[in-house]
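Since the structure comes first, as structure tokens, the remarks are kept for the end.
The values are calculated or read from the model by the stated rules, or taken from the named source; none is laboratory data. Keep in mind that this is a model prediction, so the values were computed, not measured. Every residue, glycine among them, receives a Cβ derived from its backbone with ideal geometry; neighbour counts consider all protein chains shown.
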Amino acid sequence: MKISYYPGCTLKNNAKNFEDSTLCSLKSLGVEVEELPRWNCCGTVFSLATDDLIHHVAPIRNLIRVKESNTNRVMTLCAMCYNTLKRANERVKADPESLDKINKFMAPREKVEYEGDVQILHLLELLRDEIKLESIAKKVVKPLKNIKIASYYGCLLVRPKEIGLDDVENPTVLENLMNALGSKAIDFPYKTECCAAYQTVDKPEVVADRTYQIITSAQTHGAEVISVSCPLCAFNLDHRQKETAKKYLDFKSIPVLYFTQLMAIALGCPEESLRFDLHFIDPRPLLKQKGLI
């Protein structure tokens, strides 16, 4: 299997642990990944204003890059990139006038007009629907059987429901993946609550509140580690534990890992592909205790 891949900005710096663990995992699963040439930032957020077309140029230009690569689908990892690309795509497919305006705006530089015919896939959809979790389970060489994992979805994988990859209220794709990797997946009620997102820039105290509520809920239900699929969620739940501990004296820290890092461990990827140096809460003591590294 070969798949075109849109990395987005963060996976090339602060979230290299997300990208590197993904690429190693997919290689182990027999998937050839081809990074999209000349990609640009997705815009990082979907514009909700009906009269704002300029902020849809960035995601649509990336979809032109997909067409130039002689394919009609592209895989993303970052939940925010997935949400932005897919919602922009759905908007222009439903509104030919907007699509025509965007194409005319890009016409001086783009040789290809976009026609709304690219499929945006998140890695989790590829794993669940095409590779199949049963097949992944057969490739596991180091089962995650001794560690309890709570999967955190956040907002952007499942909202709005028109573009979400799973049930809005009770998604299960991450839990099912963790089970396939040999873990006992932990369900908890805060798994789709917002992490406070961009409040982290100017209101870290708000993020500290959310981090406390989300992590404490997961721990109360037995979690020893939290898996995530979004670099912003990863930052808020991992790096903001410092502020959380200052505000809440009863707070207990917990490692936060991308689901692909856990998958890479189970599939036998080398430790250098896991990039634990990018974490605030070092997961290595727990993983060593569990016999996983």
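Tabulated data
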{"read-out": "Residues of the range 1-22 that turn out to be over 21 Å from L63 (Cα atoms) and either of a type in the set (K, R) or surrounded by 13 or more Cβ atoms within 10 Å (Cβ to Cβ) (or both), as a count", "value": "8"}
{"read-out": "Close pairs from the range 233-251: first on the phi > 0 side of the Ramachandran plot, partner not acidic (D, E), Cβ under 8 Å, at least 6 apart", "value": "none"}
{"read-out": "Of the criteria (1) modelled with pLDDT of 95 or more; (2) buried (at least 16 other Cβ atoms within 10 Å of the Cβ), which one S47 fails", "value": "(1)"}
{"read-out": "Strands (runs of 3 or more DSSP E) completely within the range 182-289 that count 2 or more residues being over 18 Å from the mean Cα position of the chain (by Cα)", "value": "184-186"}
